[in-house]
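All of the numbers you see were taken from the coordinates with simple rules; none came from a lab. This structure is a prediction, so every number in the text was calculated from the model and none was measured. Ideal geometry is used to build each Cβ from the backbone, glycine not excepted, and the neighbour counts take in all protein chains shown.
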Amino acid sequence: MVNGLRRKSVIVGLCGNRGQGIKIRPPLPFSRSNADLLLDRLDLVPKCSMS
């Protein structure tokens, strides 16, 4: 999923002891339009890459 989002110009990385979380980078104030953009891009990432 991380690589799929990166291909869609969303910079993310894994965090947590086992990489169970996703960190959005850079840590900036997050507006409603940013959230909408992230959700739109998540829909474009193939579901098989999320397993």
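When residues in the range 26-51 are screened for being surrounded by 10 or more Cβ atoms within 10 Å (Cβ to Cβ), outside any helix (DSSP H, G or I) and not aromatic (Phe, Trp, Tyr), 1 of them pass. Would you pick out the residues in the range 22-44 that are under 18 Å from ARG7 (Cβ atoms), of a type outside the set (D, E, K, R) and free of Cβ contacts under 8 Å to residues at least 12 places away in the same chain? LEU39 - this is the single residue of the range 22-44 that is under 18 Å from ARG7 (Cβ atoms), of a type outside the set (D, E, K, R) and free of Cβ contacts under 8 Å to residues at least 12 places away in the same chain.
Free of Cβ contacts under 8 Å to residues at least 12 places away in the same chain and hydroxyl-bearing (Ser, Thr, Tyr): is that true of SER9 in this structure? Steps first, answer last, please.
Working: free of Cβ contacts under 8 Å to residues at least 12 places away in the same chain: no; hydroxyl-bearing (Ser, Thr, Tyr): yes.
When the stated conditions are applied, SER9 does not pass them.
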